[in-house]
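Asker: Here it is, the structure, as structure tokens.
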Amino acid sequence: MKRNKICARGFIGPIGDDLPSLVPLVFALVIFFASFYQALSVYNTTKGRFGLVDEALRISHALLGDRQIDNYAEFSQLCTSVNVRGLNFKAGLVELSDSFAPIDIYSFVNENSRIYKSGDLLFACPQEQTERILRDSTVTVHMLPVSYRDANAKSGTVTRPMLMVVVVWE
Amino acid sequence: MSAQRGQASITDAFFILLIVSVLAITMASVSFTYGRDVERALLSFYSEDYISSTLRVLLESSVPRFVDENLLTADEVDDLLTKMKEDYANTGTFAEDTKILIKRTIDTILSPRAASYDYMLYFWTPKDYPPDPKGMPHGNESDRFIFVYLKISDVGEGNNVERKEYFCEPQIPLKEATNMVLERAPEAAKTRSITTLFTRFVQSSGEIEQKDVVVFTGLIIWHTVGILPGKGSESILTESNLNCKLIS
């Protein structure tokens, strides 16, 4: 009886007896799940970003072809060969000059700003833009120089450098 | 006895906390660096892609016949490559007008990156005609730079950046000249050179002979850091390095 009393002194149940040790255990679980959640979100963000970069590379290579665009018909044909699922994109030819100003991607996509126009022909892909880019969209921009055979020069057809700009966003 | 059991239990819990903390730190550090190598590889691939496109576009571009004219309004235009070949065939070098047209075209193509990048464009042949009778300083009888254009930023006092343009005539081998830039410039990107075939008219025993000359066109671009150091304590621009002259 006396022995039982000694054993029962301070005993507050099977869990209560280990209550102090539960504190570091719970703390450990919180640390583990917090870092796991953080790692998972970094992984998902990075994967999403690489997906955009990969898509931008794929689109620009599809549009560039042999890095020379002869006319609007060729550009249009290359544009129809681009097939993108689940993401939005806009590509266009931009004129190059010595005093080249940075391109505002939002007005480039939403208002066709800076996209080269030859007569009524706008060198944009796709022609009909339904999706708009927002300030909080995740965006990747890919730019590559390309030769364009311009038939509107005084001397006839000349080959001049242009910039192919591809914007991919989600 | 029960008190001892409690101590063992809390010690175990602290061990678990320690192990979990180490795991959490490892996981966090791995996640912070995740994809960094892939990102660096993608950036490098993009830079190389940009450079190779630039070179191709440069060599396909048209230029006005006369340097002070505009391409779209000029009465006569030439292909830049044709103009270079025409100059080289007769003199073994490019005329001043052609040099200016090359400079202007490459500056236009690289204008989207001009704000933060410097670059070097070069035309080099492993075997020129006629071979230099004295031999080149590095022992190879006939390899030489035909033309080098260097656009580099000079960072002055108060971090004022001034873009300077040079035509250079390096008297050093290709590898030494390119390594000089690649080793000293941060994140310098270089792509495989484009090979073109030029023709050279050489006078040989009273007759004019036509010789084919292989010419490599290369481009290196790097983040602006100012004038790069060359051999010894000199800058890259000096006679024993790239031997550059400021374009007036």
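Asker: Taking the condition touching a helix residue (DSSP H, G or I) at 6+ places or on another chain (Cβ under 6 Å), of a type in the set (Val, Ile, Thr) and at pLDDT below 85, does B:Thr199 pass? Break it down into steps so the answer makes sense when it comes.
Answerer: Numbers: touching a helix residue (DSSP H, G or I) at 6+ places or on another chain (Cβ under 6 Å): yes; of a type in the set (Val, Ile, Thr): yes; at pLDDT below 85: no.
For B:Thr199, the condition - touching a helix residue (DSSP H, G or I) at 6+ places or on another chain (Cβ under 6 Å), of a type in the set (Val, Ile, Thr) and at pLDDT below 85 - is not met.
Asker: Could you say which residue among A:Gly86, A:Gly51 is on the phi > 0 side of the Ramachandran plot and not hydrophobic (A, V, I, L, M, F, W, C)? Break it down into steps so the answer makes sense when it comes.
Answerer: Values: A:Gly51 fails: on the phi > 0 side of the Ramachandran plot.
On inspection, the qualifying residue turns out to be A:Gly86.
Asker: Among the strands (runs of 3 or more DSSP E) lying completely within the range B:161-248, list those that include at least 2 residues that are of a type outside the set (S, T, N, Q) and closer than 17 Å to B:Leu121 by Cα. Let's see the steps before the verdict.
Answerer: On the way: elements: B:161-168, B:194-204, B:207-223, B:244-246.
Hits in the range B:161-248: B:161-168, B:207-223, B:244-246.
Asker: Here's a follow-up. Would you kindly identify the helices (runs of 4 or more DSSP H) lying entirely within the range B:1-105 that contain at least 3 residues that are aromatic (Phe, Trp, Tyr)?
Answerer: Numbers: elements: B:2-33, B:36-60, B:80-91.
Counting at least 3 such residues, we get B:2-33, B:36-60.
Asker: Does A:Leu93 meet the test of being farther than 17 Å from A:Val166 by Cα and in contact with a Phe, Trp or Tyr (Cβ under 6 Å, 6 or more places away or on another chain)? Let's see the steps before the verdict.
Answerer: Details: farther than 17 Å from A:Val166 by Cα: no; in contact with a Phe, Trp or Tyr (Cβ under 6 Å, 6 or more places away or on another chain): yes.
Here the answer is no, as A:Leu93 does not meet what is asked.
Asker: Check off (1) at pLDDT 90 or above; (2) within 25 Å of the chain's Cα centre (by Cα); (3) more than 22 Å from A:Val146 (Cα to Cα) for A:Phe33 and give me the number that stays unchecked.
Answerer: Checking A:Phe33 against (1) at pLDDT 90 or above; (2) within 25 Å of the chain's Cα centre (by Cα); (3) more than 22 Å from A:Val146 (Cα to Cα), the one that fails is (2).
Asker: Given the criteria assigned to a strand (DSSP E or B), of a type in the set (A, V, I, L, M, F, W, C) and within 12 Å of chain B (Cβ to nearest Cβ), does A:Val53 qualify? Talk me through it step by step, then tell me what you get.
Answerer: Working: assigned to a strand (DSSP E or B): no; of a type in the set (A, V, I, L, M, F, W, C): yes; within 12 Å of chain B (Cβ to nearest Cβ): yes.
Against the criterion (assigned to a strand (DSSP E or B), of a type in the set (A, V, I, L, M, F, W, C) and within 12 Å of chain B (Cβ to nearest Cβ)), A:Val53 does not qualify.
Asker: Tally up the residues in the range B:198-225 that are hydrophobic (A, V, I, L, M, F, W, C) and surrounded by 19 or more Cβ atoms within 10 Å (Cβ to Cβ), please.
Answerer: From the range B:198-225, those hydrophobic (A, V, I, L, M, F, W, C) are B:198, B:201-202, B:208, B:213-216, B:219-222, B:225; that's our starting set.
Narrowing further to those that are surrounded by 19 or more Cβ atoms within 10 Å (Cβ to Cβ): B:198, B:213, B:215, B:219-222.
Result for the range B:198-225: 7.
Asker: A follow-up question, please. Checking A:Lys47 against (1) of a type in the set (Lys, Arg); (2) out of contact with any strand residue (DSSP E or B) (no Cβ under 9 Å at 6 or more places or on another chain); (3) not in a helix (DSSP H, G or I), which single condition isn't satisfied?
Answerer: With respect to (1) of a type in the set (Lys, Arg); (2) out of contact with any strand residue (DSSP E or B) (no Cβ under 9 Å at 6 or more places or on another chain); (3) not in a helix (DSSP H, G or I), A:Lys47 is out only on (3).
Asker: What residue, among those in the range A:30-47 that are under 12 Å from B:Ala24 (Cα atoms) and surrounded by fewer than 14 Cβ atoms within 10 Å (Cβ to Cβ), is nearest to the other protein chains (Cβ to nearest Cβ)?
Answerer: Taking the range A:30-47 as the starting set, the residues that turn out to be under 12 Å from B:Ala24 (Cα atoms) are A:30-39.
Those left that are additionally surrounded by fewer than 14 Cβ atoms within 10 Å (Cβ to Cβ): A:30, A:33-34, A:37.
On the way: A:Val30: 9, A:Phe33: 9, A:Ala34: 8, A:Tyr37: 10 Å.
By that ranking, first place goes to A:Ala34.
Asker: Follow-up. Return only the number of the condition from (1) under 25 Å from B:Lys164 (Cα atoms); (2) in contact with a Phe, Trp or Tyr (Cβ under 8 Å, 6 or more places away or on another chain); (3) among the acidic types (Asp, Glu) that B:Asp107 does not satisfy.
Answerer: Checking B:Asp107 against (1) under 25 Å from B:Lys164 (Cα atoms); (2) in contact with a Phe, Trp or Tyr (Cβ under 8 Å, 6 or more places away or on another chain); (3) among the acidic types (Asp, Glu), the one that fails is (2).
Asker: So, in the range B:31-51, of the ones that are among the aliphatic types (A, V, I, L, M) and facing another protein chain (nearest Cβ under 7 Å), which residue ends up surrounded by the fewest Cβ atoms within 10 Å (Cβ to Cβ)? It would help to see each step written out before you state the result.
Answerer: Taking the range B:31-51 and keeping what is among the aliphatic types (A, V, I, L, M), we get B:38, B:41-43, B:51.
The next check asks that each one be facing another protein chain (nearest Cβ under 7 Å); those that pass are B:38, B:42.
Details: B:Val38: 13, B:Leu42: 16.
The selected residue is B:Val38.
Asker: Could you look through the range B:226-248, keep only residues that are farther than 14 Å from B:Val148 by Cβ and small (Gly, Ala, Ser), and pick out the one that is surrounded by the fewest Cβ atoms within 10 Å (Cβ to Cβ)?
Answerer: B:Ser248
The values are calculated or read from the model by the stated rules, or taken from the named source; none is laboratory data. Nothing here was measured: the structure is a model prediction, and the numbers come from that model. Quick reminder, even Gly has a Cβ in these numbers, built from the backbone with ideal geometry, and neighbours come from all protein chains shown.
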